[in-house]
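Read through the structure below, which is laid out as structure tokens, and then see the notes.
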Amino acid sequence: MADKDTRPTTMMIAAMGGEGGGVLTAWVVAAARKANLPVQATSIPGVAQRTGATTYYIEILPTKWDELGDKEPVLDLYPGPGSIDVMVATELLETGRAMERGFISPERTTLVASTHRVYTLSEKMAMGDQRYDGSKVMEAAKQMAHGTIMFNMEKAAQDVGSIINSVVLGAIAGSGRLPIPAEAFRAEIEATGRAVKANLAGFDAGLAYAKGDIVEVLPDQAERQAPSRKPEKKVAEFKARIERDYPSEVHPIVMEACGRVLDFQDAKYARLYLDRLDAIRKIDDGRKDGDYKLTNEVARHLGLRMTFEDIMRVAQLKSRKSRFERVRREVEAADDQLVKVTEHFKPGPYEFASVLPKRLGRRIVRWADNNPEKARKWHFGLHIRTDTVFGFYRVRTLAAMRKVRRMGYRYHEEQELIDSWLELIKQAARVGRNMALEVCECARLVKGYSDTHKRGTGNFKRIADGLIRPAIEAGTDVSDEIARLREAALADPEGDTLTDALGMGNAPTPVAAE
């Protein structure tokens with residue numbers, strides 16, 4: 001085995017496209033060379049943004065060239081499991097991949113990783129919530145690594161107006177594992193002459209987090225308030241009502257959901273939200289056990305269902321000042337730079353029907369359902385530049401149409417579906433709270449718009465008609481069966497798994513109603 005002083009320090013970097021992994025590697029290599037240290041770097045390109053990161057591997061000999069004499073070090077080109085001193089991951093799931101491949105060891109590896117997530121294609125495309133559990137990755141990382149420096153590096157970069165690679169460099173310097181002083185990295189950033197001020201700010205932030213001078217504080221969900229985008233008088237009205245009528249443990253969710261509904265439509269719609277939720281709260285009031293889990297869960301799902309996605313909602317979100325600010329921040333635009341923003345829309349028969357009067361919209365939907373091939377041809381691609389006055393005005397005009405949303409077909413359809421779902425929860429609650437909770441969770445099936453919304457609604461109705469309503473009539477608790485069928489419906493977009501599950505369902509076991 002090589003002597004400790006002559007063994008190279010190894011570092012592996014897993015970075016996604018657009019995060020500056022190549023620049024980060026160049027900074028480290030240049031700093032090592034200026035420190036007169038033997039260094040070698042290689043890279044293995046990834047596939048795409050979220051199907052594989054680009055991997056950079058660096059070996060630095062901690063002995064200066066002057067001390068080596070006529071010896072020529074032989075450095076490796078590829079990383080080996082169990083041989084990494086510093087593992088860098090610019091996103092949390094990349095940490096999981098590094099652990100899976102054996103690049104993080106408790107005897108040797110210092111892990112420098114960001115805790116933020118950029119969701120994979122499979123996570124985004126799933127009908128249900130198929131996000132990986134980040135908390136498990138973090139727990140495993142702390143057990144697997146010799147030492148860890150983990151915080152939300154993306155947010156840290158945004159806070160100082162930089163990008164993530166400079167924050168990562170600061171965290172690497174703060175780890176103390178490389179034979180290069182922090183000032184050498186700072187000098188290299190200045191030598192490049194590009195975005196020096198922003199990169200130095202990011203570097204200093206990463207260094208401060210690594211040394212513990214800045215401690216990441218996670219947001220306290222209990223302190224979240226209803227959004228104040230509407231006039232304070234209206235917000236105060238709902239805040240007072242929630243604090244008066246609801247127990248404190250459900251205040252965070254109810255306030256957040258009520259604020260979302262208020263922002264989606266108006267005060268009248270927010271009152272409807274609370275009126276609907278009041279009926280569920282009274283069920284929990286009647287239990288006398290102080291458990292308001294059903295109210296909490298219904299509050300969450302009801303807030304989402306009442307703020308359904310339609311073209312007005314999309315236009316509203318796309319034309320907000322906060323969104324333009326975020327876009328400028330993400331592309332690192334200076335104050336005197338123009339940013340071109342093009343929005344892509346592709347409305348079809350279902351989108352047009354959603355804003356038309358109820359009867360006319362229903363006729364168009366029926367035609368589209370009966371003529372799917374023809375309906376596919378009636379999709380129009382729209383590219384609207386919202387950085388122009390005319391383009392922005394077009395999108396804001398769409399957003400303003402929410403004032404007449406109540407006249408539209410989609411609004412009436414959604415309200416009927418919501419009322420049916422709530423009534424089913426109330427009936428299930430008479431059988432048992434667990435069954436009511438499972439019926440509530442079936443709201444996860446209904447989401448999106450167009451074909452996605454149609455399939456989800458259809459799956460919900462199949463479960464309701466085939467299992468839930470017969471069980472309610474019989475007074476039978478079928479909580480486990482509802483959960484099984486719901487997960488089957490979320491397993492694939494076409495509903496084949498649900499069809500199989502409905503055909504092989506086990507007979508429910510009757511239980512006494514609570």
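What follows draws every value from the coordinates through simple rules; no lab data is involved. In this text the structure is predicted, and so the values were computed from the model without any measurement. Methodologically, a virtual Cβ is constructed for each residue, glycine included, from the backbone with ideal geometry; neighbour enumeration extends over all protein chains shown.
Kirkwood hydrodynamic radius computed over segment 365-435 comes to 16.3 Å, based on all pairs of distinct alpha carbons. Each 5 Å bin from 0 upward holds the following percent of the Cα-Cα pairs of segment 409-514: 2, 13, 25, 24, 19, 12, 4, 1, 0. Each of Tyr246, Ala236, Val298 was placed along the dipole of segment 221-307 (beta-carbon charges, centred on the mean Cα), and the one lying farthest toward the positive end is Ala236. Packing order of peptides 319-329, 464-474, highest average first: 464-474, 319-329 (average count of other Cβ atoms within 10 Å over each peptide's residues). Projection of the Cα convex hull of segment 9-211, averaged over all directions and equal to a quarter of that hull's surface, yields 11.4 nm². Placing unit charges on each Cβ (+1 for Lys and Arg, -1 for Asp and Glu) gives the chain a dipole about its Cα centre, and among Gly193, Ala98, Gly82 the Cα reaching farthest toward its positive end belongs to Gly193. Projecting the Cα atoms of Pro8, Ile163, Phe460 onto the charge dipole of the chain (Cβ charges, centred on the Cα centre) puts Phe460 farthest toward the positive pole. For segment 343-374, the residues whose amide N sits under 17 Å from a probe point set 7 Å from the Cα of Val404 along the beta carbon direction are 351-362.
With q set to 0.08, 0.15, 0.20 Å⁻¹, the log10 of I(q)/I(0) for segment 229-373, from the Debye formula over equal scatterers at the Cα positions, is -0.36, -0.93, -1.12. Helix 267-287 and the long axis of the chain differ in direction by around 80°, with both axes built from C-alpha atoms. Computed from backbone phi with θ = phi - 60° and the Karplus coefficients 6.51, -1.76 and 1.60, the 3J(HN,Hα) list for segment 443-458 is 4, 4, 6, 9, 7, x, 8, 6, 5, 4, 5, 4, 5, x, 5, x Hz; x is used for glycine and proline. The calculated pair-distance distribution of the chain uses every alpha carbon pair, bins of 10 angstrom beginning at 0, and gives 3, 15, 21, 22, 19, 13, 6, 2, 0 percent. Kindly express, to the nearest 10 degrees and within the range 0 to 90, the angle between helix 389-400's C-alpha long axis and the longest C-alpha principal axis of the chain. The angle comes out at about 40 degrees.
Considering only beta bridges that DSSP places wholly inside segment 9-211, some 50 percent are antiparallel. When you work out D = kT/(6 pi eta Rh) for segment 313-412 at 37 °C and 0.692 mPa s, using the Kirkwood radius from C-alpha pairs as Rh and the Stokes-Einstein form, the result is 214 µm²/s.
The base-10 log of I(q)/I(0) for segment 221-307, evaluated at q = 0.13 Å⁻¹, reads -0.36 [Debye formula, identical scatterers on Cα atoms, solvent excluded].
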